[in-house]
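Asks: Supplied in structure tokens, the structure appears directly below.
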Amino acid sequence: MNKIELAKGIYYVGVVDWSLRDFHGYYTPRGVTYNSYLIVDEKICLVDCVKAPYAAELLERIQSIIDPAKIDYVVVNHVEPDHSSALPIIMDKLPNAKVVLTAQGKLELVKHYQQNYDFQIVKENDILDLGINKLHFVPVPMLHWPDSMVTYLENEQILFSNDAFGQHICTSQRFDDQIIVTDALYEAEKYFANILMPYSQLIPKALAKLGQLQLKMIAPSHGVIWRKNISEILKKYEQWGQGYTDNKLVVLYDTMWGSTEKMARRILEGVAAAGMTAALYKMSAADRSEVVRDILECKGILVGSPTLNGTMLPTIGAMLIYLKGLRPKNKTGGTFGAYGWAGGAQQDMENLMQSAGITMENGPFIKWAPDDTELEKCFEFGFEFANKLINS
Ligand code: FEO
């Protein structure tokens, strides 16, 4: 087994889950990694764990470096089971290990696994002295759960950031400079949109704390370790935390007999004619995790559905429920679609978009199938909607 050393005595011992495609509803076409790190000093410390099915692989990696029984501490930065569910399995092999976590983390861990380990509760500015290396703990509640914290290795200037700065991407390489960096940044954007977007208002405060640290590496618990593009990923987090939007728009729709699709395409042409970059997603064919990545930096969201049985199509309903939970910042929205008799999709789509925090404008709704005049109105709507956003 190859040893992967981040710095002297600091090892990667995580696992690569090449085949996972669904991370609680987030489609992960490139798989997922669960990064775990081992610090070998006078005291030996494991930082974060992995998902239960990979406990044996984690132990094997540790065993290739030291006897797991010598581990003194296991830092649990975050209790979500992708990082902690192997813990009850490996703790049988770690008879001397204290479990280091926040007070909230202890509550969550005990409730998840009904195990009463030798806990060491830490809070902001606490330091764990391992010998040469010293670990500093920085709680970052809600990034991603109430228990979440990051751990800073002072001597080597490595931040073990857990979910923050993560990406769902599998590769045989472990560092950002070993892969195409746009891949890492793209997946980091998708990760932020799908996992951290609801908590983005907490990012500036967290970055202010981390900004005081010298960073040679950011070692997240998912994806590659940032050692070359640290300023780029920090800048992106700063932008996303501030609700930065670019000059772009997302049109998403589904269609029954093609009428709403015709409207969507004509609206898109109007948006493009106004000079705005736009992407078109047919939700019966699109991956909502990818759509959400595009939504993160967009200014406008236009959603189209015909009326089916008095409401929107289920594909649109699922997308808008997902968006409601993610609460995107600084978005203006509109709806459009075709209907046969009483309608109903419009009101339901608007209600969901408003509950997602989107500021709404009126869009076009037409009966049965659009004629040339109605399609021209769709073009004009797209043009004017985009123009308004460009000039806002
Ligand atoms: Fe990677 Fe919130 O767990």
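Residue-by-condition table, conditions (1) among the hydrophobic types (A, V, I, L, M, F, W, C); (2) within 30 Å of M283 (Cα to Cα); (3) modelled with pLDDT under 95:
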| site | (1), (2), (3) |
| --- | --- |
| M149 | yes, no, no |
| Y152 | no, no, no |
| Q157 | no, no, no |
| F165 | yes, yes, no |
| Q178 | no, no, no |
| G211 | no, no, yes |
| Q214 | no, no, no |
| W226 | yes, no, no |
| Y253 | no, yes, no |
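Asks: Also, I was wondering about something else. Can you pull out the residues in segment 152-169 that are within 15 Å of the ligand (Cβ to nearest atom) and polar (S, T, N, Q)?
Replies: Step one: list which residues in segment 152-169 are within 15 Å of the ligand (Cβ to nearest atom), which gives 160-169.
Correct list: S161, N162, Q167.
Asks: Now a separate question. Take segment 123-146 and flag every residue that is farther than 26 Å from A184 by Cα and within 16 Å of the ligand (Cβ to nearest atom).
Replies: Within segment 123-146, P146 is the sole residue that qualifies.
Asks: I need the full set of residues from segment 95-104 which are closer than 21 Å to I44 by Cα and either touching a helix residue (DSSP H, G or I) at 6+ places or on another chain (Cβ under 6 Å) or open to solvent by 10 Å² or more (accessible area, probe 1.4 Å) (or both), in order please. If you could, list the steps in order and put the result at the bottom.
Replies: Taking segment 95-104 and keeping what is closer than 21 Å to I44 by Cα, we get 95-102.
Residues satisfying the conditions are P95, N96, K98, T102.
Asks: Select, from D41, D67, the only residue that is free of Cβ contacts under 8 Å to residues at least 24 places away in the same chain and away from the ligand (no atom under 16 Å from the Cβ). Outline the logic, then answer.
Replies: On the way: D41 fails: free of Cβ contacts under 8 Å to residues at least 24 places away in the same chain.
Sole residue among the options that is free of Cβ contacts under 8 Å to residues at least 24 places away in the same chain and away from the ligand (no atom under 16 Å from the Cβ): D67.
Asks: Right, another one. Among the numbered criteria (1) at positive phi; (2) more than 16 Å from the ligand (Cβ to nearest atom), which single criterion is violated by V74?
Replies: Only one criterion is unmet by V74, namely (1).
Asks: Between residues in segment 157-184 that are farther than 21 Å from D82 by Cβ and assigned by TED's automatic domain parsing to the domain that holds L20 and residues that are within 15 Å of the ligand (Cβ to nearest atom) and in a helix (DSSP H, G or I), which pairs lie under 8 Å by C-beta distance while being six or more apart or on different chains?
Replies: Partner pairs satisfying both residue conditions: none exist.
Asks: Which count do you get for residues in segment 51-79 that are surrounded by 23 or more Cβ atoms within 10 Å (Cβ to Cβ) and under 20 Å from F137 (Cα atoms)?
Replies: 7
Residue-by-condition table, conditions (1) open to solvent by less than 50 Å² (accessible area, probe 1.4 Å); (2) of a type in the set (A, V, I, L, M):
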position: L296; (1), (2): yes, yes
position: P306; (1), (2): yes, no
position: M319; (1), (2): yes, yes
position: R327; (1), (2): no, no
position: Y339; (1), (2): no, no
position: G344; (1), (2): yes, no
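Asks: In addition: Restricting attention to segment 199-221, report how many residues are touching a residue at least 40 places away in the same chain (Cβ under 8 Å) and away from the ligand (no atom under 12 Å from the Cβ). Please lay out each step first, then the result.
Replies: Here is the first cut: in segment 199-221, the ones touching a residue at least 40 places away in the same chain (Cβ under 8 Å) are 199-203, 206, 209-210, 213-221.
Adding the requirement that they be away from the ligand (no atom under 12 Å from the Cβ) leaves 200-203, 206, 209-210, 213-219.
Number satisfying all stated conditions: 14.
Asks: Considering only residues that are open to solvent by 20 Å² or more (accessible area, probe 1.4 Å) and in a loop (DSSP other than H, G, I, E, B), which ones fall in segment 1-17?
Replies: M1, N2, K3, K8
Asks: Of all the residues that make up segment 18-45, how many are part of a strand (DSSP E or B) and either among the hydroxyl-bearing types (S, T, Y) or over 17 Å from the mean Cα position of the chain (by Cα) (or both)? So that I can check it myself, show each step before the final result.
Replies: If we filter segment 18-45 for residues that are part of a strand (DSSP E or B), which is where we start, we get 22-23, 26-27, 32-34, 37-40, 44-45.
In the following step, the residues that additionally are either among the hydroxyl-bearing types (S, T, Y) or over 17 Å from the mean Cα position of the chain (by Cα) (or both) were identified as 26-27, 33-34, 37-40, 44-45.
Residues flagged as part of a strand (DSSP E or B) and either among the hydroxyl-bearing types (S, T, Y) or over 17 Å from the mean Cα position of the chain (by Cα) (or both) within segment 18-45 amount to 10.
Asks: Going through segment 5-28 one residue at a time, which ones are β-branched (V, I, T) and either within 16 Å of the ligand (Cβ to nearest atom) or closer than 16 Å to E156 by Cα (or both)? Let's see the steps before the verdict.
Replies: As a first pass, look at segment 5-28 and keep what is β-branched (V, I, T): 10, 13, 15-16, 28.
Once the filter is applied, which keeps residues that are β-branched (V, I, T) and either within 16 Å of the ligand (Cβ to nearest atom) or closer than 16 Å to E156 by Cα (or both), segment 5-28 yields I10, V15, V16, T28.
Asks: Now a separate question. Using the structure shown, decide if E57 is more than 20 Å from S161 (Cα to Cα) and part of a loop (DSSP other than H, G, I, E, B).
Replies: Details: more than 20 Å from S161 (Cα to Cα): yes; part of a loop (DSSP other than H, G, I, E, B): no.
Taking the combined requirement at face value, the residue does not satisfy it.
Asks: Based on this model, can you work out whether G31 counts as surrounded by 16 or more Cβ atoms within 10 Å (Cβ to Cβ), at positive phi and away from the ligand (no atom under 12 Å from the Cβ)? It would help to see each step written out before you state the result.
Replies: Numbers: surrounded by 16 or more Cβ atoms within 10 Å (Cβ to Cβ): yes; at positive phi: yes; away from the ligand (no atom under 12 Å from the Cβ): yes.
Yes, satisfied.
Asks: Follow-up question, since we're still on this one. Residue check, P328 against (1) within 22 Å of the chain's Cα centre (by Cα); (2) without any contact (Cβ under 8 Å) to a residue 40 or more places away in the chain, all met but one. Which one?
Replies: (2)
Asks: Kindly indicate whether any position in segment 105-116 is part of a loop (DSSP other than H, G, I, E, B) and either of a type in the set (S, T, Y) or surrounded by 20 or more Cβ atoms within 10 Å (Cβ to Cβ) (or both).
Replies: Within segment 105-116, none of the residues are part of a loop (DSSP other than H, G, I, E, B) and either of a type in the set (S, T, Y) or surrounded by 20 or more Cβ atoms within 10 Å (Cβ to Cβ) (or both).
Listed here are the residues, each with its yes/no results for (1) of a type outside the set (A, V, I, L, M, F, W, C); (2) surrounded by fewer than 22 Cβ atoms within 10 Å (Cβ to Cβ); (3) under 16 Å from W226 (Cα atoms).
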site	(1), (2), (3)
M142	no, yes, no
G166	yes, no, yes
Q173	yes, yes, yes
I179	no, yes, yes
E189	yes, yes, yes
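The values are calculated or read from the model by the stated rules, or taken from the named source; none is laboratory data. Quick caveat: nothing in here was measured; it's all calculated off a predicted structure. In this analysis, Cβ positions are derived from the backbone assuming ideal geometry, glycine residues included, and neighbour counts consider all displayed protein chains. Areas reflect the complete protein model, heavy atoms only, side chains present, ligands, DNA and RNA absent. Shrake-Rupley method; radii C 1.70, N 1.55, O 1.52, S 1.80 Å.
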